[in-house]
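Q: One structure coming up, written as structure tokens, with questions to follow.
The values are calculated or read from the model by the stated rules, or taken from the named source; none is laboratory data. The structure displayed is predicted, hence computed values, not measured ones. Positions of Cβ are generated from backbone atoms using ideal geometry, with glycine treated the same way; all protein chains shown enter the neighbour counts.
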Amino acid sequence: MKILIKNAAVINYDKEEKCDIYIVDGKIVKMREGLKEEADKVIDASGKMVLPGLIDIHCHLRDPGYEYKEDIKTGSRSAAKGGFTGIVAMPNTKPVVDNKSVVEYILNKAEKESVVHVYQAGTISKGLEGKELSEMGRMKEAGIVAVTDDGKPVMDSGLMKKAMIYADMLKIPVISHAEDLTLLEGGAMNEGFTATCLGIKGITRAAEETMTSRDIILAKTTGTPVHITHVSTKNAVEMIRTAKKQGVKVTADSCPHYFSLTDKACEGFNTNAKMNPPLREEEDRLAIIEGLRDGTLDMIGTDHAPHHRDEKNCEFDKALNGIVGFETAFALAYQILVEENGFHIKDLVKLMSYQPSNLLGIEGGKLAEGKKADIILIDCSKDWICDPDSFVSKSKNSPFSGWNFHVKVTDVIVNGKIVIENEMFA
Ligand SMILES: [Zn+2]
């Protein structure tokens, strides 16, 4: 298959250029102006931005075990609709991904059913129990790109230290879900004014911050890297900033909901705003934005966490944590970071494509000759209103229903194959 993209305004993390892109058998063969190569398909990108496909370091595809919420096929299509051409699935499935055979099952299924590149994370501990290390080495042979007990923290500091040393030997990142379970005390949302008004028990920021500091200290002590995921508090951002200045090998991500919402979204007992870590307050939201601006937070992950309607349509305390994220992530990043906070579109490419590919050691993150053709086209003057019922994801648990966005992913090419053309799946 030969594709020629004409009149592309190409945005990489380090430069913008106007050129044509010629793709042959999945690879970008030529990138320059005035190409007249013969192609099976010509795409006119006039008026659109052309970006490397987005890469999500953190999502839940729920497959195997919870296919009523999402599966590899629907999850990958939802990702593509949001402009993601590569996604990292968290291992808290049923069975959990703590051994080679589950990794093989998922990657084989993804090979057949996914429309984007699916990368798998393995667990840190067997059975996500936080007691013994999983079969990391064998899972690495089977293809995992990271280890994490996401959904649960590794409470045992000794085990976390061993995991960091071992993962470093295997050259894969350890992704830390930083939360001290002993500090939750039955809370269901951020501790603060809104929780008090609603009469809901709050979760102290200290639950996230004590674990963030522990993992930074372990990284410093061992000299090995750690990646802190879904950072949500101002203090956690400050701790990571200080650690980086000291040369600690810590990287971090935050999610679109933490820079676009506060705990006020929980008003009216809105369970679609219930997540873990919980939505915080305005000063935290602003700190996340500054962290993304100055590079303290290296990247944006979605934490796409689909749930069935019945798991959200209940009392706030009982509702499950998480929101769907793929289909709104880029629009939110553009609206909050670019339009409202003066980020450049190149910064989004860095945060949502280049940095994740770099950390994970996977292809992508940049459009250049010789690179894999994972490409997205963006229309920057397309108004649309978020309607979760129109999501491709099986689940609709989004707090962004009714939001008005101004930017849309219109075309998605994965491995040189057109997955979405003019907003329609091929
Ligand atoms: Zn998590």
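Q: Counting only residues that are within 20 Å of the chain's Cα centre (by Cα) and over 30 Å from Glu67 (Cα atoms), give me the strands (runs of 3 or more DSSP E) lying completely in the stretch 339-426 with at least 1 of them. Full working, then the answer.
A: Details: elements: 375-379, 408-414, 417-421.
Once the strands (runs of 3 or more DSSP E) in the stretch 339-426 are filtered for at least 1 residues that are within 20 Å of the chain's Cα centre (by Cα) and over 30 Å from Glu67 (Cα atoms), what remains is 375-379.
Q: Right, here's the next one. Among the residues of the stretch 223-236, which ones are within 14 Å of the ligand (Cβ to nearest atom) and at positive phi?
A: Residue satisfying the conditions is His230 alone.
Q: Taking the options Glu315, Glu327, Glu283, Glu311, name whichever one is modelled with pLDDT of 95 or more and either in contact with a strand residue (DSSP E or B) (Cβ under 7 Å, 6 or more places away or on another chain) or not in a helix (DSSP H, G or I) (or both). Explain how you work it out, then say what you get.
A: Details: Glu327 fails: either in contact with a strand residue (DSSP E or B) (Cβ under 7 Å, 6 or more places away or on another chain) or not in a helix (DSSP H, G or I) (or both); Glu283 fails: either in contact with a strand residue (DSSP E or B) (Cβ under 7 Å, 6 or more places away or on another chain) or not in a helix (DSSP H, G or I) (or both); Glu311 fails: either in contact with a strand residue (DSSP E or B) (Cβ under 7 Å, 6 or more places away or on another chain) or not in a helix (DSSP H, G or I) (or both).
Of Glu315, Glu327, Glu283, Glu311, the one residue that is modelled with pLDDT of 95 or more and either in contact with a strand residue (DSSP E or B) (Cβ under 7 Å, 6 or more places away or on another chain) or not in a helix (DSSP H, G or I) (or both) is Glu315.
Q: Determine the pairs where a residue that is in contact (Cβ under 8 Å) with a residue 60 or more places away in the chain and at positive phi, located within the stretch 21-36, has a partner that is in a strand (DSSP E or B) and surrounded by 15 or more Cβ atoms within 10 Å (Cβ to Cβ) with Cβ atoms under 7 Å apart, the partner being 6 or more residues away or on another chain.
A: Note: pairs meeting the criteria are Gly26/Lys372.
Q: Could you list all residues from the stretch 235-259 that are surrounded by 24 or more Cβ atoms within 10 Å (Cβ to Cβ), among the hydroxyl-bearing types (Ser, Thr, Tyr) and not in a strand (DSSP E or B)?
A: Tyr258
Q: Looking at (1) without any contact (Cβ under 8 Å) to a residue 60 or more places away in the chain; (2) surrounded by fewer than 20 Cβ atoms within 10 Å (Cβ to Cβ), which is the only condition Asn12 fails?
A: (1)
Q: Related question: Restricting the first residue to the stretch 122-138 and requiring it to be under 10 Å from Ala163 (Cβ atoms), which pairs with a second residue that is among the aromatic types (Phe, Trp, Tyr) and assigned to a helix (DSSP H, G or I) meet a Cβ separation below 8 Å and a spacing of at least six or different chains?
A: Note: pairs meeting the criteria are Leu133/Tyr166; Met136/Tyr166.
Q: It is to be established whether one or more residues within the stretch 233-247 are among the aliphatic types (A, V, I, L, M) and closer than 19 Å to Arg62 by Cα.
A: Step one: of the stretch 233-247, the residues among the aliphatic types (A, V, I, L, M) are 236-237, 239-240, 243.
Retained after the next criterion (residues that are closer than 19 Å to Arg62 by Cα): none.
So far as the stretch 233-247 goes, no, none of its residues is among the aliphatic types (A, V, I, L, M) and closer than 19 Å to Arg62 by Cα.
Q: Can I ask one more? Go through (1) under 18 Å from Ile172 (Cα atoms); (2) within 16 Å of the ligand (Cβ to nearest atom); (3) not β-branched (Val, Ile, Thr) and name the single condition Lys220 misses.
A: The number of the failed condition is (2).
Q: Anything in the stretch 325-351 that is β-branched (Val, Ile, Thr) and surrounded by fewer than 23 Cβ atoms within 10 Å (Cβ to Cβ)? List them, or say none. Outline the logic, then answer.
A: Here is the first cut: in the stretch 325-351, the ones β-branched (Val, Ile, Thr) are 328, 336, 338, 345, 349.
Listed by number, the residues that qualify are Ile336, Val338, Ile345.
Q: Of everything in the stretch 37-48 that's in a loop (DSSP other than H, G, I, E, B) and touching a residue at least 60 places away in the same chain (Cβ under 8 Å), which residue is nearest to Val412 (Cα to Cα)? Talk me through it step by step, then tell me what you get.
A: Residues of the stretch 37-48 that are in a loop (DSSP other than H, G, I, E, B), as a first pass: 37-40, 45-47.
This time we only want the ones that are touching a residue at least 60 places away in the same chain (Cβ under 8 Å), so: 45, 47.
Working: Ala45: 12, Gly47: 16 Å.
Filtering the stretch 37-48 for residues that are in a loop (DSSP other than H, G, I, E, B) and touching a residue at least 60 places away in the same chain (Cβ under 8 Å), the one nearest to Val412 (Cα to Cα) comes out as Ala45.
Q: Looking at (1) touching a Lys or Arg at 6+ places or on another chain (Cβ under 7 Å); (2) crowded, with 18+ Cβ neighbours inside 10 Å, find the lone condition where Arg214 falls short.
A: Of everything listed in (1) touching a Lys or Arg at 6+ places or on another chain (Cβ under 7 Å); (2) crowded, with 18+ Cβ neighbours inside 10 Å, Arg214 misses just condition (1).
Q: All but one of (1) touching a Leu at 6+ places or on another chain (Cβ under 9 Å); (2) under 17 Å from Val392 (Cα atoms); (3) more than 16 Å from the ligand (Cβ to nearest atom); (4) not small (Gly, Ala, Ser) hold for Pro52; which doesn't?
A: Condition not satisfied by Pro52: (2).
Q: When Ser381 is evaluated against the numbered criteria (1) farther than 30 Å from Val42 by Cα; (2) at pLDDT below 95, which criterion, by number, is the only one it fails?
A: (1)
Q: Hey, another quick one. Applying the selection to the stretch 55-86, what residues are of a type in the set (Val, Ile, Thr) and either surrounded by fewer than 23 Cβ atoms within 10 Å (Cβ to Cβ) or within 16 Å of the ligand (Cβ to nearest atom) (or both)? Walk me through how you get there before you give the answer.
A: First, the residues of the stretch 55-86 that are of a type in the set (Val, Ile, Thr): 55, 57, 72, 74, 85.
Scanning the stretch 55-86 gives Ile57, Thr74.
Q: Restricting to the stretch 57-97, count the residues that are farther than 24 Å from Val231 by Cα and among the polar types (S, T, N, Q).
A: Total satisfying the criteria: 2.
Residues are listed down the side, and each one gets a yes or a no for (1) within 16 Å of the ligand (Cβ to nearest atom); (2) in the same structural domain as Asp317 (by TED's automatic domain parsing); (3) touching a residue at least 40 places away in the same chain (Cβ under 8 Å):
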residue: Leu181; (1), (2), (3): yes, yes, no
residue: Ile203; (1), (2), (3): yes, yes, yes
residue: Glu238; (1), (2), (3): no, yes, yes
residue: Gly268; (1), (2), (3): no, yes, no
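Q: Another one. Any residue at all in the stretch 158-176 that's among the small types (Gly, Ala, Ser), surrounded by fewer than 22 Cβ atoms within 10 Å (Cβ to Cβ), within 16 Å of the ligand (Cβ to nearest atom) and within 17 Å of Glu208 (Cβ to Cβ)? Full working, then the answer.
A: The initial filter retains those residues of the stretch 158-176 that are among the small types (Gly, Ala, Ser), namely 158, 163, 167, 176.
Keeping just the survivors that are surrounded by fewer than 22 Cβ atoms within 10 Å (Cβ to Cβ) gives 158.
From the residues that got through so far, the ones that are within 16 Å of the ligand (Cβ to nearest atom) too are none.
No, because not a single residue in the stretch 158-176 is among the small types (Gly, Ala, Ser), surrounded by fewer than 22 Cβ atoms within 10 Å (Cβ to Cβ), within 16 Å of the ligand (Cβ to nearest atom) and within 17 Å of Glu208 (Cβ to Cβ).
Q: In addition: With the requirement that a residue be within 16 Å of the ligand (Cβ to nearest atom) and either buried (at least 24 other Cβ atoms within 10 Å of the Cβ) or assigned to a helix (DSSP H, G or I) (or both), what does the stretch 126-149 give you? Lay out the reasoning, then the answer.
A: Taking the stretch 126-149 first, the residues within 16 Å of the ligand (Cβ to nearest atom) are 128, 130, 146-149.
Leu128, Ala146, Val147, Thr148, Asp149 - these are the residues of the stretch 126-149 that are within 16 Å of the ligand (Cβ to nearest atom) and either buried (at least 24 other Cβ atoms within 10 Å of the Cβ) or assigned to a helix (DSSP H, G or I) (or both).
Q: What pairs come out if I take residues in the stretch 298-323 that are closer than 19 Å to Tyr258 by Cα and hydroxyl-bearing (Ser, Thr, Tyr) and pair them with residues that are part of a loop (DSSP other than H, G, I, E, B) and within 13 Å of the ligand (Cβ to nearest atom) whose C-beta lies under 8 Å away, six or more apart or interchain?
A: Thr302/Cys255; Thr302/Gly325
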